[in-house]
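These notes are about the structure you will find just below.
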């Protein structure tokens, strides 16, 4: 089922790209998905395509949750294009399925009878697009009339190719291995990657990007930073784990967020240890955990070889207890984390 859904998502995006290229755009789209960079890029391309005439500002209508109303949307949809073939109506972050029945039915009626000259786009960014099958009439109308274009995060291979292309545009080259490392450090978000590529390219003196260039200018995301803590714990190196933890405190990272990231990595360590004991490989681990970074998966599998199954089980319990203590105890959250790191390091040394 998951593979079928992934194929449908890819087909929808592929069809949209083709229609954009061939000037055969439809008149009702829903843009959603976690990859904001791609969504914003294609939204800009769509806007450029439909609003490039001398009266462009008159042919673009935009609404959000505060400004939209059935009559306002109807007026925008029915407004004839001025010195252009089409108009664009954009609606940001409006959850159609949570609107009261009366207005919802009015919106549904608009969707059922959209003029050919209009392109209506509902964009979901801060609000998640989540169809509700119980709201049957609206669900059926959207299935029949709208093209849902979901912008998912690219695969690691696709992202590495994209990174290499953007470095080439800056006159630089990067190896696949270092592209994987950069994905790991940034969390793989294309918006952040775009900025980091420019920073790295400006800093690097040579044509070929080195790891030292990346480390000099890129601030790792929290999940990447907590890898250092969990790896030090797995090696029984309390002092290194504590130093890394204190670096996060100095950066004013929230203790509950640090604990969440450490706990997540400890659970991934447990999964890797269990899978390895069953003869499974790194690829299986990535598929089961949804981890798209082979660099991170390799780090986790390597760390899992140095710890025991009993340590992993105990470590998960200790993280859960620390979470309870942080939410209920009067003790300082920083101290709870320091005690957790010390206890985990001690458990790792015991094996």
>> Condition first: buried (at least 19 other Cβ atoms within 10 Å of the Cβ) and touching a strand residue (DSSP E or B) at 6+ places or on another chain (Cβ under 8 Å). Now tell me which residues in the stretch 195-227 satisfy that.
In response: 209
> Can you find even one residue in the stretch 143-151 that is part of a loop (DSSP other than H, G, I, E, B), over 23 Å from residue 42 (Cβ atoms) and touching a strand residue (DSSP E or B) at 6+ places or on another chain (Cβ under 8 Å)?
Replying inline: no
>> All but one of (1) touching a strand residue (DSSP E or B) at 6+ places or on another chain (Cβ under 8 Å); (2) crowded, with 16+ Cβ neighbours inside 10 Å hold for residue 72; state the number of the condition that does not hold.
In response: (2)
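Given the criterion under 19 Å from the mean Cα position of the chain (by Cα), within 30 Å of residue 70 (Cβ to Cβ) and surrounded by fewer than 18 Cβ atoms within 10 Å (Cβ to Cβ), identify the matching residue among 130, 145. Spell out how you get there, then give the answer.
On the way: 145 fails: under 19 Å from the mean Cα position of the chain (by Cα).
Going through 130, 145 in turn, the sole match is 130.
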> What pairs come up if the first residue lies in the stretch 215-244 and is over 12 Å from residue 184 (Cβ atoms), the second is part of a loop (DSSP other than H, G, I, E, B) and modelled with pLDDT under 90, and their beta carbons are under 7 Å apart, counting only those six or more places apart or on different chains?
Replying inline: 234/306; 235/306
>> Condition first: free of Cβ contacts under 8 Å to residues at least 60 places away in the same chain, in contact with a helix residue (DSSP H, G or I) (Cβ under 9 Å, 6 or more places away or on another chain) and outside any helix (DSSP H, G or I). Now tell me which residues in the stretch 31-61 satisfy that.
In response: 51, 59, 60, 61
> Tell me, which residue of the stretch 97-121 that is crowded, with 19+ Cβ neighbours inside 10 Å and in contact with a strand residue (DSSP E or B) (Cβ under 7 Å, 6 or more places away or on another chain) is farthest from residue 23 (Cα to Cα)?
Replying inline: 111
> Does the stretch 182-227 hold any residues that are in contact with a helix residue (DSSP H, G or I) (Cβ under 7 Å, 6 or more places away or on another chain), farther than 26 Å from residue 35 by Cα and part of a loop (DSSP other than H, G, I, E, B), and which are they?
Replying inline: 204
> Just to be sure, is residue 258 surrounded by 19 or more Cβ atoms within 10 Å (Cβ to Cβ) and over 19 Å from residue 319 (Cα atoms)?
Replying inline: no
> So which of 160, 179 is in contact with a helix residue (DSSP H, G or I) (Cβ under 6 Å, 6 or more places away or on another chain), assigned to a helix (DSSP H, G or I), closer than 22 Å to residue 33 by Cβ and without any contact (Cβ under 8 Å) to a residue 24 or more places away in the chain?
Replying inline: 160
>> Taking the condition of being surrounded by 18 or more Cβ atoms within 10 Å (Cβ to Cβ) and in a loop (DSSP other than H, G, I, E, B), how many residues in the stretch 228-245 meet it?
In response: 1
>> List pairs: first residue in the stretch 290-311 and in contact (Cβ under 8 Å) with a residue 40 or more places away in the chain, second residue in a helix (DSSP H, G or I) and exposed (fewer than 15 other Cβ atoms within 10 Å of the Cβ) anywhere in the structure, Cβ distance under 9 angstrom, at least six positions apart or on different chains.
In response: 294/283; 295/177; 308/350; 310/350; 311/350
> Of all residues in the stretch 282-292, which are outside any helix (DSSP H, G or I) and in contact with a helix residue (DSSP H, G or I) (Cβ under 8 Å, 6 or more places away or on another chain)?
Replying inline: 291, 292
> Which residue out of 50, 88 is modelled with pLDDT of 95 or more, over 22 Å from residue 131 (Cβ atoms) and buried (at least 16 other Cβ atoms within 10 Å of the Cβ)?
Replying inline: 88
> Among the residues of the stretch 85-100, is there at least one that is part of a helix (DSSP H, G or I) and without any contact (Cβ under 8 Å) to a residue 40 or more places away in the chain?
Replying inline: yes
> Pick from the stretch 299-316 the residues that are more than 17 Å from residue 281 (Cα to Cα) and part of a helix (DSSP H, G or I): which of them is farthest from the chain's Cα centre (by Cα)?
Replying inline: 310
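The values are calculated or read from the model by the stated rules, or taken from the named source; none is laboratory data. The model shown is predicted, which means the values in this text are computed figures rather than measured ones. We place every Cβ from the backbone using ideal geometry, glycine too, and count neighbours over all the protein chains shown.
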